[in-house]
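The block underneath contains the structure these notes are about, expressed in structure tokens.
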Amino acid sequence: MIENPTLLVPVDVSAQEDPSLDLIEVLRPLRVVVLGYYPVPDQTAPQQIRDEYEQEAKDDLETIVQQFAGSDADVQSVLVFTRDSAQSIDRVANEYDCDSVLVSGVTGEIARVLVSLKDEQNMFRVLGVVESLMASNDLEVTLYHAESIEKGSAKSELYLRGATDWLTERGLDREAISWEEPTAETQESALLDLAESHDVVVTGEYEPDIRERVVGTVPDRIHDRTGRPVVVVRKERSV
Amino acid sequence: MGSETETQLERTLGLTEALMIGIGTMVGAGIFVLPGAAAALSGPASAIAFVLAGGIAMLTALSASELATAMPASGGPYHFINKGLGPLFGSIAGLGNWLGLAFATAFYAVGFGNYVDPLMASLELNLGIVAAVPLSGPQIGGLAAAAAFIVVSYLSTDGTGDLQNVIVIVLLVILGAFIVLGATQARPAELLPFFPQGSGPGSILPTTALVFVSYLGFAQVATVAGEIKAPGKNLPRAMVGGVLLVTLIYAASILILLGVVPLDQVAGEGTAIAIGAEAIFGGFGIGLIGVGLLTFGGLLATASSANASVLSASRINYAMGRDGLMDKRLSKIHDRFNTPYRSIALTGGLILLFIVAGQVNALAKAGSVLHLLVYGLLNVSLIVMRETEAMGYDPEFELPGYPVVPALGALLSFALIGFMDLQQILLAGTLVVAGIVWYFVYVRKRVEDTSALAQYRSPPAVEVEVAVDFDVGPDDIPAEDIPADDSTTAGHGGGAND
């Protein structure tokens, strides 16, 4: 369970792709660290890019920070010049104790959230983030159990019922929570289809298996296929 | 929100990547271009020349490692000399380092052309170009190759860094096969007489001077010091390990080449190693494959050396612009490609000019003279840093054997210049004079000398702690890379002698 969840919001400051205002509005209950990264090509020294673009990038970043900050929210920001944005995102997430990372995407008004639960290890952390989001937004949540389990297995249903109870006990509206039970064959395409009909996806971070190392991880595929923003809740880091 | 945004530069290179940069720049010329010329001079004893040159490079690699961990800003050897000895020497070193790289690149590119030429001829791809322009086949191949690297650098093609790693690994595998298979066939008797009949052991030092160009790559690692993870550990390992590995490969390859093929068949040949491959792999009935592999390797190696040098040259331009020794407009970054396009275009233009002008072998030697001068000064700079206890000089890696190692590095680097041909020394000397003139005409009125040497000569009158600005900014190093026991303040001196 996470107290006061922190979200890392990576933004490519070399491109003009700020997170949408609707998304920012929904994410505001979380403590936010904005990571502005500026990709550096192999041909150029990072210091040289910094000399040229630091001020510009800082201004862009400040605009985004202002949007998150609103009144009194706690927003931190980091600017990184990097050849490897994935490495930078991971490192900054560790340094700033971020529990989750946003994979930015396009979305309009946000009303429906898809929550993909996989195994028990990470479940309370994912639910903790969902709780924070629901507590201060009017959201409908669909819970989804994303593990290969044969149809009719009680395990999925027990997971989903348990998760629903857990959220309701923390004062959330039972009516706003529904769940979907996939079968082993359809579970991934079902997840992608569901993602299309929701506005944001919350999922846990899992070790990619061999196939995923080739075709990309689930959050990446959701993002590539549907363009929806994905909040990836990271595993507990042993410090 | 008034929260201050922290700026960081991501360190993305591990030990392997750093090693690959060094090896990739070095392994090109020494093995694929020079064995023929070296063998013509010294015969089998040229292996000793390769080892000697590697030894001199090693001393400087140690010094460069220490300097680079103390001031990991872009610019490499030029930067260290400018900070240690001031803008006069900085001008000489910057110009020398830059043009030296351009010379070397022209040389690598024509070396590339040497390998392409027979391919083009055998495929009858001549197209009448050779008849139309007064250039040799290798020159045309070199021009095409150099132009390609320049365009790729200019446009910033994603993944060239990864490609470089793949190239180096493929190269090492090919050379490994050459050495291992060759070792089973080499006849020690072929290596006798070990020293050439005419000149005897006396030919070794001139040969050392000739082949020194094969080691120019190691300092390239220093130019990316700011991007290496855990530089205190990885930087010296990458530099020393790279020089060591490359020295072994060079010495072993030349011994095996001459142990298999009679000396007179390879002496003076531009593609000697491919001739050796034909004999070695031929012994296994796969001669053609061997030639193909080594030719392919030659292409890869010269290409990767040339490519790395184009990039390093632009970093020197940038660093000189940053320090005010050159017009900043030269290091402007392209709006779309984010590359230092003007600098790449200028360096590239010079390289193409040098290739067309011919005489790239002479240029390569002049480039070696310039680099030896720069390396000598680099060692001197390290001694100055330590002896003046320069403020803010606190290297994570301290070289062993101070002051013998840097003193020997400086002496041997300068001494090796004496074994170059007079013509090339004069050419390099002209460029040194040009650097001095440049200093008095352009640099002196613009730049204040804040080097360690200047601070030592006339310390600030008031006892204020003024740290020499070794770095470009205080936020150069992400917090995680500052060692936990780092209790140093700005006023802490060299701290190297304890």
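Were the residues from A:Glu56 through A:Asp12 laid out at 0.36 nm apart, the gain over their Cα-Cα distance would be 14.6 nm.
Of B:Glu66, B:Glu6, A:Glu180, the sequence from fewest to most neighbouring Cβ atoms within 10 angstrom is B:Glu6, A:Glu180, B:Glu66.
Rounded to the nearest 20 debye, the dipole magnitude of chain B is 1380 debye, with +1 charges on Lys and Arg beta carbons, -1 on Asp and Glu beta carbons, and the Cα centre as origin.
Quick check: from the Cα gyration tensor, does the protein assembly as shown come out rounded (a/c under 1.5), prolate or oblate? In terms of gyration-tensor shape, prolate. Across segment B:437-445, rounded Karplus estimates of 3J(HN,Hα) from the backbone phi angles (6.51 cos²θ - 1.76 cosθ + 1.60, θ = phi - 60°) give 4, 4, 4, 6, 7, 10, 6, 4, 7 Hz, Gly and Pro being marked x.
The residues B:Lys233, B:Lys445, when put in order of fewest to most other Cβ atoms within 10 Å, stand as B:Lys445, B:Lys233.
Of the beta bridges DSSP finds with both residues in the protein assembly as shown, what % are antiparallel, to the nearest 5?
On the way: 4 of 44 bridges.
In the protein assembly as shown, approximately 10 percent of DSSP beta bridges are antiparallel ones.
FRET efficiency for the pair A:Phe124 and B:Arg336, taken as 1/(1 + (r/R0)^6) with r the Cβ-Cβ distance and R0 = 51 Å, rounds to 0.65. Farthest towards the positive end of the charge dipole of chain B, among the residues B:Ser312, B:Ala64, B:Ile355, is the Cα of B:Ile355, using unit charges on the Cβ of Lys, Arg, Asp and Glu. Starting from the Cα gyration tensor of chain B, take the square roots of the eigenvalues, sort them a ≥ b ≥ c, and report rounded, prolate or oblate (rounded when a/c is under 1.5, otherwise prolate if a/b is larger than b/c, else oblate). Cα axes put chain B in the prolate bin. Subtracting the Cα-Cα distance of B:Arg329 and B:Ala147 from 0.36 nm times their residue separation leaves 63.2 nm of extension gain. Taking a ≥ b ≥ c as the square roots of the eigenvalues of the alpha carbon gyration tensor, segment B:279-404 is oblate, as a/c is not under 1.5 and a/b does not beat b/c. The label point for B:Val51 and the one for B:Leu411, both projected 7 Å from the Cα toward the Cβ, are 2.1 nm apart.
Amide H to amide H distances under 5 Å link B:His334 with B:Thr339, B:Tyr341, where only residues 5 or more positions off or on other chains count and H is placed in the peptide plane.
Which value, in debye to the nearest 20, describes the size of the charge dipole of segment A:6-103 about its Cα centre when Lys and Arg Cβ atoms bear +1, Asp and Glu Cβ atoms bear -1, and nothing else is charged? The partial results should precede the final answer.
Working: 6 positive and 20 negative charges, 41 e Å.
So the magnitude is around 200 debye.
For the pair segment A:1-75 and segment B:361-412, the centres of their Cα atoms are 42 angstrom apart. For segment B:199-234, the residues whose backbone nitrogen is under 17 Å from a point 7 Å from the Cα of B:Ile425, taken along Cα to Cβ, are B:203-212. For segment A:1-65, GluC sites (Glu not before Pro) are listed when DSSP marks them as loop and at most 15 other Cβ atoms sit within 10 Å of their Cβ; the list is A:Glu3, A:Glu17.
What's the FRET efficiency of B:Asp264 with A:Asp193 using the Cβ-Cβ distance as r and R₀ = 60 Å, to the nearest 0.05? Don't skip to the answer; put the middle values down first.
Numbers: r = 75 Å, r/R0 = 1.25.
According to the calculation, E is roughly 0.20.
Residues in segment B:198-215 carry Karplus couplings, in order, of x, 8, x, x, x, 7, 5, 5, x, 5, 4, 4, 4, 8, 4, 4, 6, 10 Hz; the curve used is 6.51 cos²θ - 1.76 cosθ + 1.60 with θ = phi - 60°, and Gly or Pro positions show x. Taking the Cα centre of segment B:187-346 as reference, the dipole from Cβ charges on Lys and Arg (+1) and Asp and Glu (-1) amounts to some 880 debye. Under a point spin-label approximation (7 Å from Cα along Cα-to-Cβ), what is the A:Ser178-A:Ser136 distance to one decimal in nm? In this crude label model, A:Ser178 to A:Ser136 measures out at 2.8 nm.
When the helix-only estimate is applied to chain A (DSSP H runs of n ≥ 4, each -39,500 (n - 2.57), divided by the residue count), what is the mean residue ellipticity at 222 nm, nearest 500 deg cm²/dmol? Walk me through the intermediate numbers first.
Numbers: 8 runs with 99 residues, N = 239.
The helix-only estimate for chain A comes to -13000 deg cm²/dmol at 222 nm.
Each value in this text was obtained by applying a stated rule to the coordinates, not by laboratory testing. Everything numeric here is computed off the predicted structure, so don't read it as measured data. FYI the Cβ positions are ideal-geometry reconstructions off the backbone, even for glycines, and counts take in every protein chain you see.
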